[in-house]
Amino acid sequence: MPATTAEILQEVSQEAATTRRVLERVPADKLTWKPHTRSMSLGQLAMHVALSPGMITQWAVEDAFNFDGPMEDAPQPPSTDAILEAHDEGLEQVSSALAAIGDAGLGKTWQMTAGGNTIMSMPKGSLIRTLTLNHLYHHRGQLSVYLRLLDVPVPSIYGPSADENPMAAASGPTPET
């Protein structure tokens, strides 16, 4: 059974809390750092993570999206606060887009075209799941690697990280022997 907009919004909201914790760790003095010359900078990747859910979910409000030129690189943000602000605004965009699409609209076909060719075609619900959520998970994972390479403590995402273990805190202190 396909998900409802309320279920998708619940998942997006839950993931947004985790994403925000990762974005909060982005050091403002390292925004231009790149692990490789062909990689996005830390700031660009963080801004991409912040902007993508709102932007991609907005695509689903329409029945088609046409790429009429090359994809622009994510902007280089001026600060970590700007990244967090973009993230929070993106969540509002996701919420308003899902309200506009509605449960019945999730099954409607959406397509992406470029140069007159159909690149992909899928139900709007699949677009949101595949390109909004899975895309976010992929790039958030990249961002956690960037943080590790910069020796920034990586927050717990789906379980303990080497730097943060919420499960250990929940179980309480261990008895001394």
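The values are calculated or read from the model by the stated rules, or taken from the named source; none is laboratory data. Quantities reported herein were computed from a predicted structural model and do not represent experimental measurements. Here Cβ is always computed from backbone atoms with ideal geometry, including for glycine, and neighbour counts include all displayed protein chains.
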Of (1) within 18 Å of R148 (Cα to Cα); (2) not in a loop (DSSP other than H, G, I, E, B), Q58 satisfies every one except (1)
Every listed condition ((1) without any contact (Cβ under 8 Å) to a residue 24 or more places away in the chain; (2) surrounded by fewer than 12 Cβ atoms within 10 Å (Cβ to Cβ); (3) not β-branched (V, I, T)) holds for D73 save (1)
- [ ] Could you tell me whether segment 148-166 includes any residue that is in a helix (DSSP H, G or I) and either small (G, A, S) or on the phi > 0 side of the Ramachandran plot (or both)?
- [x] no
E11 fails exactly one of (1) more than 24 Å from A114 (Cα to Cα); (2) surrounded by fewer than 16 Cβ atoms within 10 Å (Cβ to Cβ); (3) out of contact with any helix residue (DSSP H, G or I) (no Cβ under 6 Å at 6 or more places or on another chain); (4) modelled with pLDDT of 95 or more, namely (4)
Looking across segment 113-135 at residues that are of a type in the set (A, V, I, L, M, F, W, C) and modelled with pLDDT under 95, the single one that is surrounded by the most Cβ atoms within 10 Å (Cβ to Cβ) is I128
